[in-house]
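Notes follow once the structure below has been shown.
The values are calculated or read from the model by the stated rules, or taken from the named source; none is laboratory data. In this text, all values refer to a predicted model and were calculated from it rather than measured experimentally. Note that we place each Cβ from the backbone using ideal geometry, even for glycine, and neighbour counts take in every protein chain shown.
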Amino acid sequence: MAANQYQQNCKMSDKEINVPNIGEFKDVEVIEVLVSNGQSVSKNDPLITIESDKSSVEIPASFDGKVKSVKIKVGDRVSEGDLILTVEQSGEEKKSIEQKTIKEAEPVANQDQVEEIVKIKQTQNLIKKDNSEASSASPKVRKFARELGVNINEIVGSERQGRVVEDDVKNFISSKINKTSDKTEVQSKKIVSEFSHSDFGEVEVKDMPRVKRLASTYLVNSWTTIPHVTNHDEADITEMEDFRTSLTDMYTGERKKITPLAFIVKALVASLKKFPSFNSSIDDIENGKITMKKYFHVGIAVDTPHGLMVPKIRNTDNKSISYISNELKTVSDQCRNLKIDKKEFFGGSMTITSLGGIGGSFFTPIINYPEVAILGVGKAQKKQIFINGKFETRTMLPLSLSYDHRIIDGAEAARFNNDLKENLGKNFAYKLAV
Ligand code: CAO
């Protein structure tokens, strides 16, 4: 074929698709327009659905092409011969139509024929799968769905190629009803607990602090998505405390104030090195991927008037205990004065939450997502401990280790606590790192 002849054949031309002979249907309402401008259609694809008092019928495309301009809209009334849309055809499409028999190109309009079209579509794999596309269903089923106020395109059909049948519509409705009744139950529970507080006495409604509001999203996410387990244990820190309280400034001779928390940070880092799964994140659970962190950025929960904040002490493995103690004071002050960069709340290995300066023993800390473990520290107390057949007075530190059970097992957590106790105990190696 010569080049210009080919171009001639491929030239676009417009064709009209009109309402065919639809028998008894006259001046009937268009209830669905199934195509839009620019969309490619194949012969027999449904273009519109019309509905009379008695039944509804889809009008199919009589040839392949690209919809140039849809001329009718939902609610219009049409009769035989009315223009539905214009279709743009390339020479190739035109040619292929011309090669087909006139009989084949004849529009199909009665219900049996429409059913036949759907069958053809199924074998052509043209059934739509999501609700942005039109579902395949007979006009009877469409009408049934419409009468019940259901968008048929939201239904995934149970028949071959996703064709929607009457039972699918019924199942869809019953699943919606079940969901709604679940909701209603939750809502009614809420209503019961939502009696006005002022019915029982004087109250004052205040704004929830912004930091608490922000934190609540993270806390709820952690609490509802991570399977938490907490192991409780006690570390004997008698020697550590003797050592800590004996530290003096080499120039002034005054007592050096180093918080026990700085020692705990250093001991924790030694355990994290031995138990790397505690220094990981599993934010890609769908693909089963775990991020193992090679850094040791320990988060510290800081109580502030604005709410709880968790800044990170970075690279704790390379810092001395007294350096960590000073840095802890600096970042706590920055948090309390709202002078800290938001980035400092992210990128942690594991968090320590200490109530040691306030009081209390064991509690159940919530993991600071996306971390997988958190160490709760209570107030150290002198206790009588039975050692080698006799009671001794020892300083015991309560530990509450919460961990993500998806990645850490109870046995591993118990071993982690043993190791941590060892690091805090009388053979403490951190002594070298003051
Ligand atoms: N056992 C016994 N005493 C402890 C202790 C412990 N585990 N931890 C700290 N202490 C002592 C310190 O030695 C210090 O005593 P001195 O004044 O006699 O030296 C005193 O308690 C002060 O402690 P602190 O809590 O003010 O300071 P810190 O450096 O130990 O802690 C910080 C810093 C930021 C953790 C703390 O100020 C804080 O905010 N704690 C609350 C954290 C919190 O709210 N967690 C709960 C989260 S879950 O809702």
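Restricting attention to the range 38-54, does a residue exist that is over 24 Å from GLN89 (Cβ atoms) and at pLDDT below 65?
Scanning the range 38-54 turns up at least one residue that is over 24 Å from GLN89 (Cβ atoms) and at pLDDT below 65.
Return the residues of the range 304-317 that are of a type in the set (S, T, N, Q) and within 11 Å of the ligand (Cβ to nearest atom); say none if nothing qualifies.
Taking the range 304-317 first, the residues of a type in the set (S, T, N, Q) are 304, 315-316.
Hit for the range 304-317 is THR304, nothing else.
Among (1) touching a residue at least 24 places away in the same chain (Cβ under 8 Å); (2) under 20 Å from MET240 (Cβ atoms); (3) more than 16 Å from the ligand (Cβ to nearest atom), where does LEU420 come up short?
Only one criterion in (1) touching a residue at least 24 places away in the same chain (Cβ under 8 Å); (2) under 20 Å from MET240 (Cβ atoms); (3) more than 16 Å from the ligand (Cβ to nearest atom) is unmet by LEU420, namely (3).
Can you tell me which residues in the range 345-356 are free of Cβ contacts under 8 Å to residues at least 60 places away in the same chain and not aliphatic (A, V, I, L, M)?
Taking the range 345-356 and keeping what is free of Cβ contacts under 8 Å to residues at least 60 places away in the same chain, we get 345-348, 351, 353, 355.
Correct list: PHE345, PHE346, GLY347, GLY348, THR351, THR353.
Between a residue in the range 262-283 that is in the same structural domain as PRO227 (by TED's automatic domain parsing) and free of Cβ contacts under 8 Å to residues at least 40 places away in the same chain and any residue that is aromatic (Phe, Trp, Tyr) and within 16 Å of the ligand (Cβ to nearest atom), which pairs come within a Cβ distance under 7 Å, given they are 6 or more apart or on different chains?
Matching pairs, first to second residue: none at all.
Looking at this structure, is GLY253 touching a Pro at 6+ places or on another chain (Cβ under 9 Å) and either farther than 21 Å from VAL372 by Cβ or surrounded by 17 or more Cβ atoms within 10 Å (Cβ to Cβ) (or both)?
Values: touching a Pro at 6+ places or on another chain (Cβ under 9 Å): no; either farther than 21 Å from VAL372 by Cβ or surrounded by 17 or more Cβ atoms within 10 Å (Cβ to Cβ) (or both): yes.
No.
Please determine whether any residue of the range 419-427 is in contact with a Leu (Cβ under 7 Å, 6 or more places away or on another chain) and assigned to a loop (DSSP other than H, G, I, E, B).
No, that holds for no residue.
Just wondering, is there one or more residues in the range 332-344 that are touching a residue at least 60 places away in the same chain (Cβ under 8 Å) and assigned by TED's automatic domain parsing to the domain that holds HIS232? Don't jump to the end; show me each part of the working.
Of the residues in the range 332-344, the ones touching a residue at least 60 places away in the same chain (Cβ under 8 Å) are none.
No; the residues of the range 332-344 include none that is touching a residue at least 60 places away in the same chain (Cβ under 8 Å) and assigned by TED's automatic domain parsing to the domain that holds HIS232.
For the range 389-398, give me the residue count where each residue is exposed (fewer than 13 other Cβ atoms within 10 Å of the Cβ) and either within 16 Å of the ligand (Cβ to nearest atom) or assigned to a strand (DSSP E or B) (or both).
To start, the set of residues in the range 389-398 that are exposed (fewer than 13 other Cβ atoms within 10 Å of the Cβ) comprises 389-393.
Filter once more, so that each one left must be either within 16 Å of the ligand (Cβ to nearest atom) or assigned to a strand (DSSP E or B) (or both): 390-393.
Within the range 389-398, residues that are exposed (fewer than 13 other Cβ atoms within 10 Å of the Cβ) and either within 16 Å of the ligand (Cβ to nearest atom) or assigned to a strand (DSSP E or B) (or both) number 4.
Looking only at the range 354-388, which residues are part of a strand (DSSP E or B), over 32 Å from the mean Cα position of the chain (by Cα) and more than 12 Å from the ligand (Cβ to nearest atom)?
Listed by number, the residues that qualify are LYS383, GLN384, ILE385, PHE386, ILE387.
I need the full set of residues from the range 274-321 which are among the hydroxyl-bearing types (Ser, Thr, Tyr) and under 24 Å from the mean Cα position of the chain (by Cα), in order please.
Applying the first criterion (among the hydroxyl-bearing types (Ser, Thr, Tyr)) to the range 274-321 yields 277, 280-281, 291, 295, 304, 316, 320.
The answer is SER277, SER280, SER281, THR291.
So, of the residues in the range 318-353 that are of a type in the set (Gly, Ala, Ser) and within 12 Å of the ligand (Cβ to nearest atom), which turns out to be farthest from GLY299 (Cα to Cα)? Talk me through it step by step, then tell me what you get.
Initially, the range 318-353 is screened for residues of a type in the set (Gly, Ala, Ser), giving 320, 322, 325, 332, 347-349.
Filter once more, so that each one left must be within 12 Å of the ligand (Cβ to nearest atom): 325, 332.
On the way: SER325: 13, SER332: 11 Å.
Going through the qualifying residues, I end up with SER325.
With the checklist (1) at pLDDT below 60; (2) in contact with a Leu (Cβ under 6 Å, 6 or more places away or on another chain) in hand, flag the one item ALA134 doesn't pass.
Here ALA134 clears every test but (1).
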